[in-house]
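Peer 1: Next up is a structure, given as structure tokens.
The values are calculated or read from the model by the stated rules, or taken from the named source; none is laboratory data. Computed from a predicted structure; not experimentally measured. So basically every Cβ, Gly included, is an ideal-geometry build from the backbone, and we count neighbours across all protein chains shown. The protein model used for the area step is the full one, side chains on, heavy atoms only, and it has no ligands, DNA or RNA in it. Shrake-Rupley method; radii C 1.70, N 1.55, O 1.52, S 1.80 Å.
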Amino acid sequence: MRKNSSFRTLFPFLLLSLLFSPSNPDPDLLLDYCVADTSPAGRSLHLNGLPCLDPALARPSHFATSILSKPGNTAANPFGFNVTLTTAAALPGANAQGLALARIDLAAGGLVPPHAHPRASEVALLLHGDLLVGFVDTSYRLFTQRLRPGDAFVFPRGLVHFLHNLNPAAPAAAVSGLNSQNPGVQMIPLAAFRSDPGIPQEVLEKTFKISGQDIRRIQKNLGG
């Protein structure tokens with residue numbers, strides 16, 4: 001009986017400690033840095049991250065990259081956008097630092113369709129162009145903002161968001177910072193209509209209130 005009473009007394013404090021304990025998308029480092037070992041030997045290990053080089057072998061070049069300096073090819077994407085992400089191969093010094101950078105190029109009128117990053121919040125800074133950005137929270141409230149060069153916007157972790165180039169005649173570019181080394185991305189149109197194997201047609205028909213012919217047309221338009 002005393003055990004039950006003690007549990008009931010302690011339970012609210014245990015619950016509060018869980019609710020308000022700090023939560024980081026990526027684990028903290030126990031070293032100053034962990035330069036990624038991208039050699040074949042390093043890639044043969046399956047870790048939550050990448051193995052570290054001997055710190056004595058670290059060089060300044062490990063902490064620098066020019067991968068974001070060049071525009072990406074937006075023509076290869078049906079939505080007219082390209083994302084260049086700093087991977088461990090391009091920026092090994094960022095390994096285990098809990099961050100990633102991305103360059104987002106949008107063709108004239110291009111769109112980064114609704115998508116989500118399950119492991120990261122994102123802040124986007126517009127370099128040039130005219131963007132409409134926005135996200136939807138879990139109460140289905142839409143937050144949108146028109147960005148001019150130099151403006152920034154935050155997309156909270158895991159929430160569906162988009163970027164749309166409002167200029168039909170000129171491209172746009174932004175750079176984003178994400179608080180995860182591997183933020184992940186799930187494009188809503190591709191998740192719904194281009195999964196492998198595909199979501200059952202009946203499920204799509206009932207979800208979107210469309211016909212099988214509509215589904216096939218959408219899949220074709222998405223490159224399927």
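Peer 1: Where residues in region 73-104 are among the hydroxyl-bearing types (Ser, Thr, Tyr) and farther than 18 Å from Met187 by Cα, which of them is most open to solvent (accessible area, probe 1.4 Å)? Break it down stepwise before answering.
Peer 2: Here is the first cut: in region 73-104, the residues among the hydroxyl-bearing types (Ser, Thr, Tyr) are 74, 84, 86-87.
Still in the list and also farther than 18 Å from Met187 by Cα: 86-87.
On the way: Thr86: 15, Thr87: 69 Å².
Per the criteria, the residue is Thr87.
Peer 1: Still on this structure, I have one more. List pairs: first residue in region 152-179 and farther than 15 Å from Ser121 by Cβ, second residue hydroxyl-bearing (Ser, Thr, Tyr) and part of a loop (DSSP other than H, G, I, E, B) anywhere in the structure, Cβ distance under 8 angstrom, at least six positions apart or on different chains.
Peer 2: From residues that are farther than 15 Å from Ser121 by Cβ, the pairs are Pro171/Thr74.
Peer 1: Does region 173-195 contain any residue that is in a helix (DSSP H, G or I) and crowded, with 18+ Cβ neighbours inside 10 Å?
Peer 2: Start the filter on region 173-195 by keeping residues that are in a helix (DSSP H, G or I), which leaves 188-193.
Keeping just the survivors that are crowded, with 18+ Cβ neighbours inside 10 Å gives 192-193.
The answer is yes; a qualifying residue exists.
Peer 1: Ok, one more. Take the residues in region 210-223 that are within 18 Å of Pro114 (Cβ to Cβ) and in a loop (DSSP other than H, G, I, E, B), then tell me which one is most open to solvent (accessible area, probe 1.4 Å).
Peer 2: Looking at residues that are within 18 Å of Pro114 (Cβ to Cβ) and in a loop (DSSP other than H, G, I, E, B), I get Gly223.
Peer 1: Could you check how many residues of region 111-130 are open to solvent by 50 Å² or more (accessible area, probe 1.4 Å) and within 20 Å of Leu99 (Cβ to Cβ)?
Peer 2: Residues that pass the stated criteria total 5.
Peer 1: Is it fair to say Arg146 is part of a loop (DSSP other than H, G, I, E, B) and open to solvent by 70 Å² or more (accessible area, probe 1.4 Å)?
Peer 2: On the way: part of a loop (DSSP other than H, G, I, E, B): no; open to solvent by 70 Å² or more (accessible area, probe 1.4 Å): yes.
For Arg146, the condition - part of a loop (DSSP other than H, G, I, E, B) and open to solvent by 70 Å² or more (accessible area, probe 1.4 Å) - is not met.
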